[in-house]
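The values are calculated or read from the model by the stated rules, or taken from the named source; none is laboratory data. Fair warning: this is a prediction, and the values are worked out from it, not measured in the lab. Heads up, the Cβs are rebuilt from the backbone with ideal geometry, glycines too, and the neighbour counts pull from every protein chain shown. For accessibility, only protein heavy atoms count, side chains too; no ligands or nucleic acids. Shrake-Rupley method; radii C 1.70, N 1.55, O 1.52, S 1.80 Å.
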Amino acid sequence: MKALPHYLFSTGVSFGLLSLSHALMPGSIGMALWLSLSINYLIDVLGHVSRNGNPTRTWLTHSVLTAPILGALVAAISLDAALRAFGSGPSLEPLALWTFMGALVSEEHLFLDSLTESGVYALKRRIAIAHFNYDNMALNIGFALLGVLLITVALGYRTP
């Protein structure tokens with residue numbers, strides 16, 4: 001899957017969950033956007049190696065076991081940095097929320113990659129839900145549009 005659908009889809013799911021939990025505020029929007037961009041980027045940058053000139057996914061970041069750890073670490077470090085920047089002390093509730101969101105963003109990445117022919121790793125074995133090419137235009141556009149739809153609905157959703 002291309003990078004843009006990863007970014008949009010995980011941002012849309014994150015915004016949707018924050019909206020449903022009535023936690024969609026400027027700070028949480030910024031954090032969700034940061035996590036969607038940074039975690040998806042890191043998973044691909046750290047998790048692709050070149051074998052015979054072809055980029056290949058590695059288990060390091062494309063595993064159902066290691067990816068959530070990476071996502072949770074990025075979220076915890078990001079939250080700590082944000083809290084320090086704004087002079088707040090650490091708090092357990094936001095830490096739990098954002099480490100969960102970080103792990104979730106990483107699993108969303110893996111879900112999209114599991115739809116491609118290269119699949120993802122479950123332990124050391126690759127699994128794939130479907131076998132589309134990573135650059136399948138319909139799949140990439142479909143998940144990018146789904147992400148935009150989720151973002152739009154989340155930002156427009158207001159409860160009385």
**OP:** Kindly provide the set of residues from region 76-97 that are small (Gly, Ala, Ser) and not in a helix (DSSP H, G or I), ordered by number.
**Re:** Gly87, Ser88, Gly89, Ser91
**OP:** Report whether or not Ile141 is at pLDDT below 95 and within 22 Å of Pro5 (Cα to Cα).
**Re:** no
Original post:
Restricting to region 83-92, what's the tally of residues that are basic (Lys, Arg) and open to solvent by less than 70 Å² (accessible area, probe 1.4 Å)?
Top reply: 0
Original post:
Going through region 102-160 one residue at a time, which ones are under 13 Å from Ser63 (Cα atoms), of a type in the set (Ser, Thr, Tyr) and part of a helix (DSSP H, G or I)?
Top reply: Ser106, Ser114
**OP:** Determine whether region 31-50 contains at least one residue that is touching a Gly at 6+ places or on another chain (Cβ under 8 Å), of a type in the set (Gly, Ala, Ser) and either in contact (Cβ under 8 Å) with a residue 40 or more places away in the chain or farther than 23 Å from Val153 by Cα (or both).
**Re:** no
Subject >> Residues within region 40-56 that are modelled with pLDDT under 90 and either closer than 17 Å to Gly119 by Cα or within 9 Å of the chain's Cα centre (by Cα) (or both), tallied >> reply: 8
Original post:
What do you reckon, is Leu37 within 11 Å of the chain's Cα centre (by Cα), open to solvent by 50 Å² or more (accessible area, probe 1.4 Å) and over 19 Å from Gly119 (Cβ atoms)?
Top reply: yes
Subject >> Residues satisfying the stated conditions in region 93-134, i.e. acidic (Asp, Glu) and surrounded by fewer than 20 Cβ atoms within 10 Å (Cβ to Cβ) >> reply: Glu93, Glu107, Glu117
**OP:** For region 135-147, name all the residues that are open to solvent by 50 Å² or more (accessible area, probe 1.4 Å) and touching a Phe, Trp or Tyr at 6+ places or on another chain (Cβ under 9 Å).
**Re:** Ala138, Leu146
**OP:** Take Leu73 and decide whether it is open to solvent by 70 Å² or more (accessible area, probe 1.4 Å), touching a helix residue (DSSP H, G or I) at 6+ places or on another chain (Cβ under 9 Å) and not in a loop (DSSP other than H, G, I, E, B).
**Re:** yes
